[in-house]
Amino acid sequence: MTPGEGAPKDFAALRAAIAQRAEQLPKRLMQIAGYALENPDEIAFGTVASIAASADVQPSALVRFARALGYQGFTDLQDVFRSRLRDRVLNYDERLAKLRDHGVATSQSGLVLDGFLEASERSIAKFREKVDHEAIDNAVTILAAAHTIYLIGLRRSFPIASYMSYAMGKLGVRNILVDAVAGMGAEQASFMTAVDAALAISFAPYASQTVALTDAAKSRGARIVTITDSVFSPLASPADALIEVSEADFEGFRSMATTMAVAMTLCVAVAARRGES
C-alpha cells in the first residue's frame, strides 16, 4: 500500500503528528498512541494480534489509529516504525547481554546492582536515539531568561528538583524549590509572575500536586518547562518546552539516570547562557 498523501513519512514526523493531534484523538486511540511511542520496536516487529493484546485494545482499533493519522492501513504505519531501525547501528540490549555472558557478580546484591546499571544504560541509550536537541535548547532559553526559576518536582521526582536547586544555587542562578513542606506548595508558587519560569518534573503515575502547581504557574503567566515521559502527560499541555524522558526499570523500580543527566545539562547550560549575556 502507498501511505496517504497527508500521512507522516518518517518516525520524527509521526511523533510530531501524534503530539499535535493528541487532544483530538478518542480515548482508545490515545491509548494506542501512548503504547506505540513507548514500545516502537514492538510496533515495528509485532503482529496486529500481538500488538493489540499488548496494548489491551481490539485489532480493529489499530487500523482505526493508522487511518486517523492518514495511512491507508496499519501496515503503512508499521513501515514507518520499521524505518527508524534501518540506520540504527548499535543494538544495546545485545551488547549488554554479551557483557553479562562474560561474567556477572554472583551475589544477590551484585545481581541487583547489575540490574540497575543495565536499566540506567538502556535509559541513556534510548534517550540518545531520540533526543530532541531543539527542545533542550528552547528549555535553556526560557530558563535563562527567567527572573526566578521555580522548581516543581514531588514524590519520585523530588530528588531531581532538589538537586537542581542545589546546583543552580552554586552556579548563581536564582531559584525557588517548591517542596510543598507543611502543605505550603500553593503558597510557595503564588509569588510567580510573567517574568519567571517554572520547571516541572513528573512521570506516570503523575503527582497530582505537581500537575496542579504547574497549571497554577501557567495561569500566572510564567513560562513552563517540563520533563516528563510522554506527550500524553498532563504536564505536556501547559509546556512551552517539553523534554521527553522515558526511563527503563529493573523489577519495577525505574532508573533516574537519564533524568539526572538532563537536569545537570539544564543547570550548567542555563548558567553558561546567563554568563554570556
Label-point separation (nm) for His147 and Ala204, each offset 7 Å from Cα along Cα-to-Cβ? 3.9 nm
Starting at the first residue of the range 37-51, write each ³J(HN,Hα) from the Karplus equation 6.51 cos²θ - 1.76 cosθ + 1.60 with θ = phi - 60°, in whole Hz, x for Gly and Pro. 6, 7, 10, x, 5, 5, 5, 5, 10, x, 8, 4, 5, 5, 5
Most positive-pole-ward Cα, Pro59, Ala239, Phe191, against dipole of the chain from beta carbon charges: Phe191
Net charge over other residues, Cβ less than 13 angstrom from the Cβ of Phe253 (K, R count +1; D, E count -1): -2
Got a sec to turn the phi values of the range 128-143 into Karplus ³J(HN,Hα) couplings, 6.51 cos²θ - 1.76 cosθ + 1.60 with θ = phi - 60°, whole Hz, x for Gly and Pro? 4, 5, 10, 4, 9, 5, 5, 5, 5, 4, 4, 4, 5, 4, 5, 5
Computed [θ] at 222 nm, helices only, for the chain once each DSSP H run of length n ≥ 4 contributes -39500 (n - 2.57): -17500 deg cm²/dmol
For the range 218-271 and the range 25-71, distance of Cα centres in Å: 25 Å
Compactness of the range 133-276 as Cα Rg over 2.2 N^0.38 Å, two decimals: 0.95
What do you get for the angle between helix 74-86 and the principal long axis of the chain? Use alpha-carbon atoms, 0 to 90 degrees, nearest ten. 70 degrees
Give me the percent of Cα-Cα pairs in the range 11-86 that sit more than 19 Å apart, rounded to a whole number. 23 percent
Approximate spin-label separation Leu117-Ala135, in nm, with each point projected 7 Å along Cα-to-Cβ: 3.0 nm
With bins 5 Å wide starting at 0, give me the P(r) of the chain over every alpha carbon pair, in whole percents. 1, 5, 11, 14, 15, 14, 13, 11, 8, 5, 1, 0
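Every read-out reported here was derived from the displayed coordinates using simple, explicitly stated rules and does not represent laboratory data. This is a predicted model, so every value here is computed, not measured. Heads up, the Cβs are rebuilt from the backbone with ideal geometry, glycines too, and the neighbour counts pull from every protein chain shown.
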